[in-house]
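In what follows, a single structure is set out as structure tokens and then discussed.
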Amino acid sequence: MSITITPQHLSGKISVISSKSLSHRYVIASGLAEGTSEIDNVLDSEDLTATKEALSTLGVKFNGNQITGGELKAQRQVIDAHESGSTLRFMIPIAMLQKEKMTFVGSGRLPKRTLDVYFDLFKQKNMPFWQITNDYLPLEVQGLLKPGHYSIKGDISSQFLTGLLFALPLLKKDSVIEVTTPLESKGYIELTLDVLKRFGIHILSAGNYFYIKGSQKYQPQKAMVEGDYSQAAFWMVAGLIGDSIVLLSLNPVSKQGDYKIVDIIKEMNGQIEYSDLNRIWSISPSKTYGVTIDLSQIPDLGPILMVLAALSEGTTTFTNAGRLRIKESDRLEAMYQTLTKFGVSIFMDGDTVQITGQKTLKGNQEFDSFDDHRIAMAIAIAAIKADGPVTIKNHLCVRKSYPNFFEVYQKLGGKIHESR
């Protein structure tokens, strides 16, 4: 299927969809707690469905906003992570908290997304961890997970570290995690630690080390998931290049790493303000300017920031962009092809990208979403400034993280025609 967008400025007021990162973490922590938690506003997306199904496979029960956990016990031997890297990497150590052999499977690009960090770790611990084919999935694992010292690379994905932080406190003895390379996406780890603390799990973080006491217990909680800055970024950029947009449901002091979008917009001369009285972010049309942006801690913002760079005066330089290559698609290549097709001057050299801005983009073209939700949404926002209609193939990939993205797009005034 495809969707065709007729260029039109977006404007209006919307509530931002709930945070995918926090939804994963609240749901998993609730599943590890003995008793029933009540978590409101959990994101309803394909990735969260994958996480809920994975936890259900281990005996966690879901009833509306209620999540009942306890002792993990395999109900089935296969966990399908679908296309969710978070589900897969978070759940592997958790599945190894019980002794039954478990097989992880997935779809889309997930079977090719690296699990080398876990392979190296569990090989050191002499724990069963088998690839069945040349791809990373299907994968067979078998617990029990062992306490002790874990050395882990921090520059591949913070998801591996988060998976261990979830599981190790439940072991009887203490553990230490040593991060051996610079930790990227630190914001996601801070988010994990904050959620763990809320559920009664205490971990000492000091430099490159995480000290984890054993025999801890997760305590059931009541919580509400706040709005997602990763997704809000698309509407923020729409407001900058189109018409005024007002966003609700965002925590102004959020620990989400992608809150950084606010600072970047301000640095680029974008007009964005928060009202404590009304609890809203207001974004106004702005003449933005190129700056240097380090993507090492905010890779998910890469695609939409590249769209903003393409419509900002001067040249924007993105550094440390390499991790965009190992997402749902090779996002560096995807954005290179997309922006080039839009007529934008973009230069890539290793992990550095330079984009020279312009006032309008070339329309009357069909674009590939690369079956990647963030690429599809970035193209849709870029279409606002195209000089003709923009067609996006396989646009339904947005269901992975933002199922009603195009409905919200229309609510803000976007003109869309869907076709098979």
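Taken together, the values in this text are just the output of simple stated rules run on the coordinates, not laboratory data. From a predicted model like this one, the values you see are computed outputs, not experimental measurements. Cβ placement follows ideal geometry from the backbone for every residue including glycine, while neighbour counts extend to all protein chains displayed.
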Under the helix-only model (-39500 (n - 2.57) for each DSSP H run of 4 or more, divided by the residues of the chain), the mean residue ellipticity at 222 nm, to 500 deg cm²/dmol, is -9000 deg cm²/dmol
Find the relative contact order for segment 79-139 and round it to a whole percent, using C-alpha pairs within less than 8 Å whose residues are 6+ positions apart. 36 percent
For segment 319-333, in residue order, the Karplus 3J(HN,Hα) values (coefficients 6.51, -1.76, 1.60; θ = phi - 60°; whole Hz; Gly and Pro = x) are 10, 6, 9, x, 5, 5, 6, 10, 9, 4, 9, 6, 5, 5, 5
Please give me the summed charge of the neighbours of residue 130: other residues whose Cβ is under 15 Å from its Cβ, Lys and Arg +1, Asp and Glu -1. -2
Can you work out the Karplus-derived ³J(HN,Hα) for every residue in segment 79-95? Use 6.51 cos²θ - 1.76 cosθ + 1.60 with θ = phi - 60°, whole Hz, and x for glycine or proline. 10, 9, 7, 6, 10, 9, x, 4, 4, 4, 6, 6, 7, 4, x, 5, 4
Pull up the cross-link candidates among the lysines for residue 341, meaning alpha carbon to alpha carbon under 19 Å and not fewer than 8 places away within one chain. 359, 362, 385, 393
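Given N residues in segment 20-224, what is Rg(Cα) / (2.2 N^0.38 Å)?
0.93
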Sequence gap at least 6, Cα distance under 8 Å: using those rules, report the relative contact order of the chain to the nearest whole percent. 20 percent
What's the center-to-center distance, using Cα atoms, between segment 100-174 and segment 259-322 in Å? 35 Å
To check you understand DSSP bridge types, tell me what percent of the beta bridges within segment 20-224 (both residues inside) are antiparallel, rounded to 5. 65 percent
Where the centre of each part is set by its Cα atoms, how far does segment 346-420 sit from segment 82-97, in angstrom? 30 Å
Quick one: order 253, 246, 179 by neighbouring beta-carbon count within 10 Å, fewest to most. 253, 246, 179
Explain nothing, just compute: Karplus ³J(HN,Hα) = 6.51 cos²θ - 1.76 cosθ + 1.60, θ = phi - 60°, for every residue of segment 113-127 in order, whole Hz, x for Gly and Pro. 7, 4, 10, 4, 4, 5, 4, 5, 4, 6, 5, 4, 8, 6, 10
Lysine pairs in segment 20-133 with alpha-carbon atoms under 18 Å apart, 8 or more places apart or on different chains: how many are there? 10
Cleavage-rule hits (trypsin sites (Lys or Arg not before Pro)) in segment 307-341: DSSP loop, at most 12 neighbouring Cβ within 10 angstrom: none
Structure-derived volume of the Cα convex hull per residue in Å³: which label, when the choices are (1) 173; (2) 147; (3) 134: (3)
With an 8 Å cut-off on Cα pairs and a minimum separation of 6 or more residues, tell me the relative contact order of segment 20-224 in percent. 22 percent
If we count other beta carbons within 10 Å of each Cβ, what is the order of 307, 262, 105, fewest first? 105, 262, 307
Degrees separating the helix 186-198 axis from the principal Cα axis of the chain, which is the longest one: 50 degrees
For the chain, longest principal axis from Cα atoms; helix 229-241 axis from its Cα atoms; angle between them, nearest 10 degrees, is 0 degrees
